[in-house]
Amino acid sequence: MPTVCCRYHSHPGFGCWLSGVDINTQQSFEALSERAVAVVVDPIQSVKGKVVIDAFRLINPNMMTTKSTAVNETTVTEMLELAKNYNKALEDEEKMTPEQLAIKNVGKQDPKRHLEEKVDVLMSNNIVQNLGAMLDTMVFK
């Protein structure tokens with residue numbers, strides 16, 4: 001029966017994520033066992049029966065395709081531009097009267113809506129890519 005190596009720790013009040021040190025540690029564990037998992041718990045944010053916990057594995061760069069990486073880079077660049085436009089639009093709105101606000105975006109691109117759409121696409125692509133990597137690890141190794 002294969003051994004699963006799991007390292008757990010907490011980030012009290014900071015949420016569940018892997019810091020740079022955590023990533024280096026996880027890389028070491030994954031080098032020893034391809035099934036290594038990092039678990040992070042936030043006991044401060046865990047209240048009223050809801051436990052804030054997440055599990056992480058690093059993506060093997062050899063499993064990533066150039067196509068998906070290029071698509072992600074393009075999407076992130078577009079999202080950055082949309083975020084800048086949205087920030088500028090918010091600054092401009094502060095100086096406008098209610099009448100000006102009512103007609104401001106007629107016939108124009110709404111940066112906030114498009115930014116939300118880009119985030120949805122990027123998250124969906126990353127989920128599919130991560131599921132593919134997990135299936136590859138479990139089925140073909």
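Residues to consider are 77, 97; find the one that is more than 21 Å from residue 131 (Cβ to Cβ), modelled with pLDDT of 85 or more, loosely packed, with under 12 Cβ neighbours inside 10 Å and of a type outside the set (Phe, Trp, Tyr). So that I can check it myself, show each step before the final result.
Numbers: 77 fails: modelled with pLDDT of 85 or more.
Residue meeting the stated conditions: 97.
Which one is modelled with the lowest pLDDT among residues in the stretch 1-49 that are of a type in the set (Val, Ile, Thr) and assigned to a strand (DSSP E or B)? Reasoning before the result, please.
Going through the stretch 1-49, the residues of a type in the set (Val, Ile, Thr) turn out to be 3-4, 21, 23, 25, 37, 39-41, 44, 47.
Still in the running and assigned to a strand (DSSP E or B): 37, 39-41, 44, 47.
Values: 37: 86, 39: 89, 40: 89, 41: 90, 44: 87, 47: 82.
By that ranking, first place goes to 47.
Cβ contacts < 7 Å: first residue under 14 Å from residue 78 (Cα atoms), restricted to the stretch 91-117; second residue at pLDDT 85 or above, any location; separation 6+ or different chain. Result?
none
Could you give me the residue pairs with C-beta distances under 7 Å whose first residue belongs to the stretch 11-27 and is farther than 15 Å from residue 59 by Cα and not assigned by TED's automatic domain parsing to the domain that holds residue 51, whose second residue is in a loop (DSSP other than H, G, I, E, B) and modelled with pLDDT of 85 or more wherever it lies, and which are 6+ apart or on separate chains?
Pairs found: none.
Go through the stretch 1-25 and count every residue that is closer than 24 Å to residue 133 by Cβ and out of contact with any Phe, Trp or Tyr (no Cβ under 7 Å at 6 or more places or on another chain). Walk me through how you get there before you give the answer.
Quick first cut of the stretch 1-25, residues closer than 24 Å to residue 133 by Cβ only: 1-9, 15-25.
If we keep only those that are out of contact with any Phe, Trp or Tyr (no Cβ under 7 Å at 6 or more places or on another chain) too, we end up with 1-4, 6, 8-9, 15-17, 19-25.
The total comes to 17.
The values are calculated or read from the model by the stated rules, or taken from the named source; none is laboratory data. This is a predicted model, so every value here is computed, not measured. Please note: Cβ atoms are built from the backbone with ideal geometry, for glycine as well, and neighbour counts cover all protein chains shown.
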